[in-house]
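**Q** Attaching a single structure in structure tokens format; questions to follow.
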Amino acid sequence: MLKKQLHSHFGFDSFLKGQKDVIQNILDGQSTAAIFPTGAGKSLCYQLPAMMLPGMTLVVSPLLSLMKDQLDFLLECDIPAARLDSTLQKNEYNAILARAKNNELKILMISVERFKNERFRSNLEKMNVTLLVVDEAHCISEWGHNFRPEYLKLPDYQKEFKIKQTLLLTATATERVIDDMCAKFNILKDHVFVTGFYRENLFLQITPIATPEKKNRVVQRIREISDASTIVYVIRQKTAEDVSDFLCANNINAHPYHAGMENEKREQIQNKFMDGTLACIVATIAFGMGIDKKDIRRIIHYDLPKSIENYSQEIGRSGRDGNPALCEVLANRDNIHILENFIYGDTPEKHSIFQLLRTIKENKGFIWEIKAVKLSNDLNIRILPLKTLLVYLAMKKIIRSKVTYFEEYSFKYHTEPANIIHSFEGERRQFVTAVMNHCHTRKIWTHVDIQAILNSYRADRQRILTALEYFDEKGWIELQSRQAVEVYDILTQAFDIEVMAEKMYALFKKKEGLEIQRIHNMVSFFESDTCISKHLAVYFGEHLEKERCGHCSFCKSGKAVLQHTTEQKPLTNFDFKTITNEFMQAVGEQFTEVNLTKFLCGIYAPIFSKLKIKKLPHFGILENHPFLEIRTWIKDNI
């Protein structure tokens with residue numbers, strides 16, 4: 001039965017390891033977790049059940065590129081699927097929502113942030129969602145390598161929208177992370193399927209090398225088989241540009257790929273790489289590709305990855321067709337400080353945490369409304385750490401996330417207001433008249449005064465939004481929403497600000513320590529005195545019977561030793577006043593030692609945007625020096 005459906009929908013004749021068990025479990029009505037290595041067919045575990053279950057499957061993914069890739073495959077197989085994201089035109093977005101509400105879609109892909117969108121939530125209530133799929137499910141765990149605070153709300157969303165079943169998918173989760181993410185969704189151990197992490201077709205090569213020799217090594221490696229599909233991973237955007245330019249100068253067709261590029265340009269490059277017209281991409285590891293290309297023959301880490309989990313995920317993108325692939329790390333200790341500095345740069349300062357807690361304590365009433373970007377700028381805490389802080393406060397029962405609404409609604413008329421009003425009868429016409437009477441046109445766009453409508457007519461906010469959405473669907477108006485406002489309940493103001501700030505700061509310092517330890521665990525892993533493939537499998541809880549794989553650099557040539565290969569000028573060689581004076585003048589009273597450290601390390605802070613700090617001549621001048629060493633140097637010189 002299942003094989004017949006598999007062939008009918010996707011043209012495959014057999015299942016890969018673990019797929020059938022997961023799919024049968026889903027069809028039996030059980031919430032399930034699938035822990036498969038990258039490229040081992042996790043996506044089919046929801047794609048086939050989606051076609052066999054009665055309603056629609058809602059897929060939550062953190063990667064736009066992964067959504068696009070999966071959607072392209074589904075559409076090729078004539079599966080009714082779509083994705084909602086910020087790149088869509090207004091008419092495309094509306095058409096997808098209409099299909100979802102009319103039961104014309106089997107699969108809809110979204111980002112987790114979409115759940116906070118007031119308009120989407122209103123439409124989601126009208127959809128028949130049978131299965132919630134959480135891709136990259138390790139993001140829900142604080143113990144994971146890529147914790148995303150928004151993922152913690154997914155179990156609540158599942159209950160709120162009455163979605164009966166959940167499927168968790170990930171390629172990189174230790175046993176601790178698996179237990180954590182399954183506990184959050186109440187998934188029993190019997191319904192967790194782990195297929196193992198060992199890949200016998202991947203040759204894992206650790207190559208100790210000096211930094212000045214890396215570019216030539218990449219050229220040499222690519223020329224061995226010039227048309228072999230290759231991803232070169234780097235840490236920073238400027239390195240992606242630099243290495244790509246060097247490859248092109250050596251007659252190798254390569255393109256950079258990073259988050260600083262325009263979406264359209266990135267998509268063009270990805271499409272060329274996918275169809276084989278571009279053989280080499282130089283990509284930032286922080287951004288992540290999320291692609292599903294079967295014939296990638298080489299993954300070259302020009303810079304060290306961020307963790308063992310990242311390494312596993314990135315090399316897993318090669319050799320998905322089962323044929324041999326090379327995964328090479330050009331390894332030394334030169335850039336370890338850069339990886340560490342980004343982690344230190346994400347820890348909020350204690351006075352910023354104090355400021356947030358004071359705002360909550362002094363708030364009049366128990367409803368607290370925020371605009372995340374504005375709050376981030378006011379507190380000088382980056383968006384992701386700010387979201388993490390709000391989650392920590394929710395876990396301490398100080399606040400509770402309630403809803404997100406849009407502060408501003410406006411629209412363009414495509415028909416006369418009178419025509420809209422006269423499309424209704426009785427009480428509905430009275431209500432629509434009240435809505436129209438409180439919409440004020442300024443040149444092209446018409447502003448909706450929701451509060452004035454509420455004051456003049458007995459209706460709730462949801463009814464007004466439903467009416468505006470209906471007008472938009474009918475083509476009478478073109479609706480636009482702006483300025484997301486997140487609403488929290490304040491559960492208590494009976495806390496000592498100083499004591500609570502200390503506790504919150506301690507949580508961030510603990511998280512910082514864990515992330516720093518990940519880097520050092522990874523370096524130790526690369527210098528392992530055992531088989532690399534075996535060591536990797538053991539890290540993720542899989543125990544191989546054989547002692548040696550025979551296809552890694554340890555088995556071939558023994559242990560790798562990573563060295564410092566470039567000398568950094570000591571900080572005493574830099575004139576403190578020269579490299580900090582313009583920064584001091586620009587920030588004025590907003591100066592802190594941490595902000596100056598971030599400036600010298602080339603790490604973004606929210607206040608830098610407004611003050612245009614990144615344009616100052618000495619931004620990032622000490623980016624290769626350790627964050628803590630620079631901060632001590634600053635203390636000594638102030």
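**Q** Determine whether Gln220 is closer than 22 Å to Ala331 by Cβ, modelled with pLDDT of 95 or more and crowded, with 21+ Cβ neighbours inside 10 Å.
**A** Judged against the criteria, Gln220 is not a match.
**Q** Can you tell which of Ile343, Ile336 is within 19 Å of the chain's Cα centre (by Cα) and not polar (S, T, N, Q)?
**A** Only one candidate qualifies: Ile343.
**Q** Which condition breaks for Thr592 when tested against (1) under 23 Å from Asp346 (Cα atoms); (2) in contact (Cβ under 8 Å) with a residue 60 or more places away in the chain; (3) over 35 Å from the mean Cα position of the chain (by Cα)?
**A** Exception for Thr592: condition (3).
**Q** Shifting gears a bit: Could you grab me the full set of residues in the range 111-136 that are over 19 Å from Leu27 (Cα atoms) and either acidic (Asp, Glu) or part of a strand (DSSP E or B) (or both)?
**A** Listed by number, the residues that qualify are Glu113, Glu118, Glu125, Glu136.
**Q** OK, next. Just name the residue that is modelled with the lowest pLDDT out of those in the range 529-549 that are small (Gly, Ala, Ser) and under 15 Å from Cys327 (Cβ atoms).
**A** Result: Ala537.
**Q** Then there's this: Taking Ser111 as meeting all but one of (1) over 17 Å from the mean Cα position of the chain (by Cα); (2) crowded, with 16+ Cβ neighbours inside 10 Å; (3) not charged (D, E, K, R), write down the number of the exception.
**A** It is condition (1) that Ser111 fails.
**Q** Still on this model: Is it the case, given these coordinates, that Ser553 is surrounded by 13 or more Cβ atoms within 10 Å (Cβ to Cβ) and of a type outside the set (A, V, I, L, M)?
**A** yes
**Q** What's the number of the only condition in (1) touching a Pro at 6+ places or on another chain (Cβ under 7 Å); (2) within 30 Å of Ser524 (Cβ to Cβ); (3) surrounded by fewer than 22 Cβ atoms within 10 Å (Cβ to Cβ) that Asp242 fails to meet?
**A** (1)
**Q** Something else: Within the range 267-275, identify whether any single residue is under 29 Å from Gly620 (Cα atoms), in the same structural domain as Lys306 (by TED's automatic domain parsing) and out of contact with any helix residue (DSSP H, G or I) (no Cβ under 9 Å at 6 or more places or on another chain), and answer yes or no.
**A** Yes: one or more hits.
**Q** Does at least one position in the range 234-253 carry a residue that is under 30 Å from Gly541 (Cα atoms), assigned by TED's automatic domain parsing to the domain that holds His551 and not aromatic (Phe, Trp, Tyr)?
**A** Yes, some residue in the range 234-253 is under 30 Å from Gly541 (Cα atoms), assigned by TED's automatic domain parsing to the domain that holds His551 and not aromatic (Phe, Trp, Tyr).
**Q** So in the range 130-179, with the set limited to residues that are of a type in the set (Lys, Arg) and over 24 Å from Glu512 (Cβ atoms), which one is surrounded by the most Cβ atoms within 10 Å (Cβ to Cβ)? Even if it seems obvious, please write down each step before you answer.
**A** Step one: of the range 130-179, the residues of a type in the set (Lys, Arg) are 148, 153, 159, 162, 164, 176.
With over 24 Å from Glu512 (Cβ atoms) added as a condition, the list becomes 159, 162, 164.
On the way: Lys159: 9, Lys162: 8, Lys164: 13.
Ranking the qualifying residues of the range 130-179, first place goes to Lys164.
**Q** Also, I was wondering about something else. When the residues of the range 502-544 are narrowed to those that are more than 27 Å from the chain's Cα centre (by Cα) and in a loop (DSSP other than H, G, I, E, B), which ends up nearest to Ile206 (Cα to Cα)?
**A** It comes out as Glu527.
**Q** Hey, another quick one. Might you check whether a residue that is in contact with an Asp or Glu (Cβ under 8 Å, 6 or more places away or on another chain), within 19 Å of Glu369 (Cα to Cα) and of a type in the set (Lys, Arg) occurs anywhere in the range 440-462?
**A** Among the residues of the range 440-462, not one is in contact with an Asp or Glu (Cβ under 8 Å, 6 or more places away or on another chain), within 19 Å of Glu369 (Cα to Cα) and of a type in the set (Lys, Arg), which makes the answer no.
**Q** Right, here's the next one. Kindly indicate whether Lys293 is of a type in the set (Lys, Arg), in contact with a strand residue (DSSP E or B) (Cβ under 8 Å, 6 or more places away or on another chain), part of a loop (DSSP other than H, G, I, E, B) and under 19 Å from Ala171 (Cα atoms).
**A** When the stated conditions are applied, Lys293 passes them.
**Q** Can you tell me which residues in the range 209-226 are within 31 Å of the chain's Cα centre (by Cα) and farther than 21 Å from Ala279 by Cα?
**A** Residue satisfying the conditions is Thr211 alone.
**Q** Right, something else. Does the range 473-490 contain any residue that is at pLDDT 95 or above, surrounded by 15 or more Cβ atoms within 10 Å (Cβ to Cβ) and of a type in the set (A, V, I, L, M)?
**A** Within the range 473-490, one or more residues are at pLDDT 95 or above, surrounded by 15 or more Cβ atoms within 10 Å (Cβ to Cβ) and of a type in the set (A, V, I, L, M).
**Q** Have a look at Ala183, Ala82, Ala98 and point out the one that is surrounded by 17 or more Cβ atoms within 10 Å (Cβ to Cβ) and of a type in the set (A, V, I, L, M). Let's see the steps before the verdict.
**A** Working: Ala183 fails: surrounded by 17 or more Cβ atoms within 10 Å (Cβ to Cβ); Ala98 fails: surrounded by 17 or more Cβ atoms within 10 Å (Cβ to Cβ).
Testing whether each residue is surrounded by 17 or more Cβ atoms within 10 Å (Cβ to Cβ) and of a type in the set (A, V, I, L, M) leaves just Ala82.
**Q** Can you give me the number of residues within the range 603-635 that are free of Cβ contacts under 8 Å to residues at least 60 places away in the same chain and not in a helix (DSSP H, G or I)?
**A** The qualifying residues number 8.
**Q** Check off (1) at pLDDT below 90; (2) part of a helix (DSSP H, G or I) for Ser401 and give me the number that stays unchecked.
**A** (2)
**Q** Filter the range 13-39 for residues that are outside any loop (DSSP other than H, G, I, E, B), in contact (Cβ under 8 Å) with a residue 24 or more places away in the chain and surrounded by fewer than 18 Cβ atoms within 10 Å (Cβ to Cβ) and give the result. Working first, answer last.
**A** Of all residues in the range 13-39, those outside any loop (DSSP other than H, G, I, E, B) come to 19-27, 32-35.
Checking which are in contact (Cβ under 8 Å) with a residue 24 or more places away in the chain leaves us with 19, 21-23, 25-27, 32-35.
If the condition is that a residue be outside any loop (DSSP other than H, G, I, E, B), in contact (Cβ under 8 Å) with a residue 24 or more places away in the chain and surrounded by fewer than 18 Cβ atoms within 10 Å (Cβ to Cβ), then Asp21, Leu27 are the ones that fit.
**Q** Of all the residues that make up the range 595-608, how many are farther than 17 Å from Ile343 by Cβ and within 22 Å of the chain's Cα centre (by Cα)?
**A** The total comes to 1.
**Q** Any idea which of Lys577, Lys598 is crowded, with 18+ Cβ neighbours inside 10 Å, of a type in the set (D, E, K, R) and not assigned by TED's automatic domain parsing to the domain that holds Lys214? Please lay out each step first, then the result.
**A** Working: Lys577 fails: crowded, with 18+ Cβ neighbours inside 10 Å.
Result: Lys598 is the single residue among Lys577, Lys598 that is crowded, with 18+ Cβ neighbours inside 10 Å, of a type in the set (D, E, K, R) and not assigned by TED's automatic domain parsing to the domain that holds Lys214.
**Q** Are there helices (runs of 4 or more DSSP H) fully within the range 410-478 with at least 2 residues that are hydroxyl-bearing (Ser, Thr, Tyr) and under 20 Å from Glu118 (Cβ atoms)? List them.
**A** Qualifying helices (runs of 4 or more DSSP H): 461-473.
**Q** Those residues that are crowded, with 21+ Cβ neighbours inside 10 Å, modelled with pLDDT under 95 and hydrophobic (A, V, I, L, M, F, W, C), I need them from the range 305-341; list them, please.
**A** Once the filter is applied, which keeps residues that are crowded, with 21+ Cβ neighbours inside 10 Å, modelled with pLDDT under 95 and hydrophobic (A, V, I, L, M, F, W, C), the range 305-341 yields Ile308, Ile315, Ile338, Leu339.
The values are calculated or read from the model by the stated rules, or taken from the named source; none is laboratory data. Just so we're clear, the structure is a prediction, and the values are computed from it rather than from any experiment. All Cβ positions, even for glycine, are placed from backbone atoms using ideal geometry, and neighbour counts span all protein chains on display.
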